[in-house]
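The values are calculated or read from the model by the stated rules, or taken from the named source; none is laboratory data. Bear in mind the structure is a predicted one, so any value in this text is a computation, not a measurement. Here Cβ is always computed from backbone atoms with ideal geometry, including for glycine, and neighbour counts include all displayed protein chains.
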Amino acid sequence: MSKTVVISGGTSGIGRATALARAARGDRVIVIGSRPDAPYRADLTTIAEVRRVAAEIARDHPVVDALVLCANRIFPRRTETPDGLEATFALYYLSRYLLGELLAPQLDAAGNPVIVNVSGTGITAGRVRWEDPQFTRGYGAIRAQVQAGRANDLLGVAHTGRARYVLYHPGFTRPGSHPNPLVSGVISGLARVAARPVDESARPIAAWIDAPPAAKLTAIDRGRPVPLSLRTLNPGDAARLRAYTEAAVARAAGRA
């Protein structure tokens, strides 16, 4: 039986590989991305755009079987979104939070729904900088990426919907191009010696879409289960981040 699969960041990398694999199986694949070839084009760094595209998907697809969250981009310099948020936080974490929340009714309507969050679970480096989550001081592209990765860990812990939630760290995968030549050169150099093929990294996602795990939350780091007792999966921190996120979204609404 075909499924309806929504993929954010589905025009490149693991998102694209997953989209192609599911389309080949006969699924209805809804790709969200900033590139012209995305069926649902949106700038996921802005809350208004996430809300708009989620509303369009909900209108067109009342049932969603799987939500695959892949959207991410490296920002070499601190970039602030129209909502007053640091762009890595907005894209890599907040867009995923919002899509999960806004499409929850469509996921709940499915028989056996699943959310797969492709991030960095299992890595214990870094933390949410509670004193300055938006990096108004001391911004670094890697620091911002690591913080957003830890935030996604906590997003899975805080999940309360019907859908099974999978936190998935595929390991270093051959990437697409990056608009910054320096960043692109460094990543490409590393990819030649250390990266996994993108189809190999995407393969487990197809399996979870076909048969979601029985557990409410599953964390996988490069093929190995991650114990949910890991300090980066702390329920207290997850509740604290959810409260911070709800307040940040409310503040952004006040700016609109």
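Tabulated results
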quantity: Of residues in segment 49-81 being in contact with a strand residue (DSSP E or B) (Cβ under 7 Å, 6 or more places away or on another chain) and of a type in the set (Gly, Ala, Ser), the one farthest from SER8 (Cα to Cα); calculated: ALA66
quantity: Subset of segment 4-58 [at pLDDT 95 or above, among the charged types (D, E, K, R) and over 17 Å from ALA202 (Cα atoms)]; calculated: ARG28, ARG41, ASP43, GLU49, ARG51, ARG52, GLU56
quantity: Test: residue in segment 90-105 that is free of Cβ contacts under 8 Å to residues at least 40 places away in the same chain and closer than 25 Å to GLY149 by Cβ; calculated: yes
quantity: Within segment 110-140, tally of residues that are surrounded by fewer than 16 Cβ atoms within 10 Å (Cβ to Cβ) and touching a Pro at 6+ places or on another chain (Cβ under 6 Å); calculated: 1
quantity: Members of segment 151-170 that are surrounded by 15 or more Cβ atoms within 10 Å (Cβ to Cβ) and modelled with pLDDT under 95; calculated: GLY161
quantity: Single unsatisfied condition, ALA215 versus (1) in contact (Cβ under 8 Å) with a residue 40 or more places away in the chain; (2) surrounded by fewer than 18 Cβ atoms within 10 Å (Cβ to Cβ); (3) over 23 Å from ARG22 (Cβ atoms); (4) out of contact with any Asp or Glu (no Cβ under 8 Å at 6 or more places or on another chain); calculated: (3)
quantity: Flag if ALA151 is more than 14 Å from the chain's Cα centre (by Cα), under 20 Å from THR46 (Cα atoms) and assigned to a helix (DSSP H, G or I); calculated: no
quantity: Only listed residue being among the aromatic types (Phe, Trp, Tyr), modelled with pLDDT of 95 or more and touching a strand residue (DSSP E or B) at 6+ places or on another chain (Cβ under 9 Å), chosen from TYR139, TYR97; calculated: TYR139
quantity: Selection status of ALA54, surrounded by fewer than 22 Cβ atoms within 10 Å (Cβ to Cβ) and part of a helix (DSSP H, G or I); calculated: no
quantity: Selection status of VAL64, part of a loop (DSSP other than H, G, I, E, B) and touching a residue at least 60 places away in the same chain (Cβ under 8 Å); calculated: yes
quantity: Meets criteria (surrounded by fewer than 16 Cβ atoms within 10 Å (Cβ to Cβ) and either among the β-branched types (Val, Ile, Thr) or not in a helix (DSSP H, G or I) (or both)) for ARG59; calculated: no
quantity: Enumeration of residues in segment 68-85 that are among the charged types (D, E, K, R) and not in a loop (DSSP other than H, G, I, E, B); calculated: GLU80
quantity: Within segment 6-32, considering residues that are among the charged types (D, E, K, R) and part of a helix (DSSP H, G or I), the one nearest to TRP208 (Cα to Cα); calculated: ARG22
quantity: One residue from ARG240, ARG251 being among the charged types (D, E, K, R), surrounded by 15 or more Cβ atoms within 10 Å (Cβ to Cβ) and at pLDDT 80 or above; calculated: ARG240
quantity: PRO105 surrounded by fewer than 22 Cβ atoms within 10 Å (Cβ to Cβ), of a type outside the set (A, V, I, L, M) and outside any loop (DSSP other than H, G, I, E, B); calculated: yes
